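One structure is given below, encoded as structure tokens.
The values are calculated or read from the model by the stated rules, or taken from the named source; none is laboratory data. Owing to the predicted nature of the structure, the values given are computational and were not obtained by experimental measurement. So basically every Cβ, Gly included, is an ideal-geometry build from the backbone, and we count neighbours across all protein chains shown.
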Amino acid sequence: MSREKKRMHVSYEVERKVLSGENIEEIIVSFPRKLRQSQVTSLYTTLKENEHFDTPIVVNRTYEEGKEIIDYIDGNHRKEAMKKYFMENPDKEIEVIYFVYDNLSKEEMKKVYSKWNKQVRQSPQDLINLYKNDIEQLQLILHNCKASIYASKGRKIPVHYLVDAYIYAKQGSDSPNSLNPFDRVEEMKEFTRIDTMILTQFSNFMQEVFNPSGAEKFADLPAFKTTLIKVMFRIWYRNHKRIPRKKLVRRIKSKIANDAVLLNTYSQGGNKIVVDAFDFFLKKLNDKLKTTMYI
């Protein structure tokens with residue numbers, strides 16, 4: 001007997017709701033993106049000019065002991081804009097459009113969130129944060145690699161920098177493939193303890209070579225920017241099993257890490273800079289050697 005496949009509830013109802021300063025705090029967003037004040041200000045300006053939001057607020061409706069419970073799947077920027085508007089206009093009301101789903105599970109709510117935000121530019125941090133409970137190795141990676149999901153004022157490296165660099169190093173092609181945030185999350189869901197071990201080893205290597213003094217705000221150093229992390233991960237990944245660790249560390253320190261001008265020159269840029277920096281760094285590492293040792 002074949003198993004019945006689980007189907008996602010895709011239908012929704014369109015409802016209108018009037019919000020005011022008295023009920024705006026009822027909105028608690030299940031998957032809040034990091035607030036960007038520029039976006040809040042833009043939405044607030046829209047309200048001040050008596051214009052309506054272009055997009056609906058997406059919610060999930062469930063019932064518990066006969067009581068209606070509304071989970072807001074998306075809309076934290078609109079909530080903050082309305083809160084600001086009501087503080088200055090306490091006598092005003094705003095009519096908003098709700099797209100109402102019924103009885104979605106947490107997993108289905110995530111899929112609905114992704115669906116409604118497919119055409120919206122999603123930051124890597126927001127998507128990783130949304131699926132953090134589905135990425136088994138995430139907390140261990142964050143702890144071991146001095147990384148964080150969101151920016152941390154230079155004290156930790158954004159974890160998507162490391163993940164993108166790791167994927168680039170493994171893929172073997174000269175130019176990095178650009179990952180969209182959804183594909184990156186799917187890759188991270190497949191990580192095992194072996195992947196975590198590799199990321200940890202590389203992070204320890206980077207600290208030893210480029211932050212020997214143990215500076216607290218190491219993530220502000222040029223070597224820990226996304227461009228050079230990709231370059232160095234590829235160099236380390238191709239050579240760390242071929243060359244003794246101490247020798248590899250000593251060579252990269254003398255030829256690359258101690259050259260501040262070099263690091264600043266290649267610390268920013270797109271895929272072309274990554275490729276150019278990789279080629280140039282290899283030439284420096286192999287300079288004056290009888291045979292090509294670093295690949």
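Here are a few things to note about the model shown:
- Search result, residues across the range 51-60 that are polar (S, T, N, Q) and either surrounded by fewer than 16 Cβ atoms within 10 Å (Cβ to Cβ) or part of a loop (DSSP other than H, G, I, E, B) (or both): Thr55
- Residue among Lys272, Lys230, Lys255 that is over 24 Å from the mean Cα position of the chain (by Cα) and not aromatic (Phe, Trp, Tyr): Lys255
- Within the range 72-124, being among the charged types (D, E, K, R), farther than 27 Å from Pro181 by Cα and either touching a strand residue (DSSP E or B) at 6+ places or on another chain (Cβ under 6 Å) or not assigned by TED's automatic domain parsing to the domain that holds Arg36 (or both) holds for Glu93, Glu95, Asp102.
- Selection count where residues are under 18 Å from Val40 (Cα atoms) and of a type in the set (Ser, Thr, Tyr), scope the range 86-111: 0
- Filter result (in a helix (DSSP H, G or I) and within 16 Å of Met206 (Cα to Cα)) within the range 128-159: Ile141, Leu142, His143, Asn144, Val159
- Failed item in (1) farther than 27 Å from Ile128 by Cβ; (2) surrounded by 12 or more Cβ atoms within 10 Å (Cβ to Cβ); (3) aromatic (Phe, Trp, Tyr), with Tyr63 passing the rest: (2)
Conditions tested, residue by residue: (1) within 23 Å of the chain's Cα centre (by Cα); (2) loosely packed, with under 15 Cβ neighbours inside 10 Å; (3) within 13 Å of Tyr294 (Cα to Cα).
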| residue | (1), (2), (3) |
| --- | --- |
| Gln201 | yes, no, no |
| Ser213 | no, yes, no |
| Glu216 | yes, yes, no |
| Ala219 | yes, no, no |
| Leu262 | no, no, no |
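- Residue in the range 74-92 that is over 19 Å from Pro32 (Cα atoms), part of a strand (DSSP E or B), acidic (Asp, Glu) and modelled with pLDDT of 90 or more present: no
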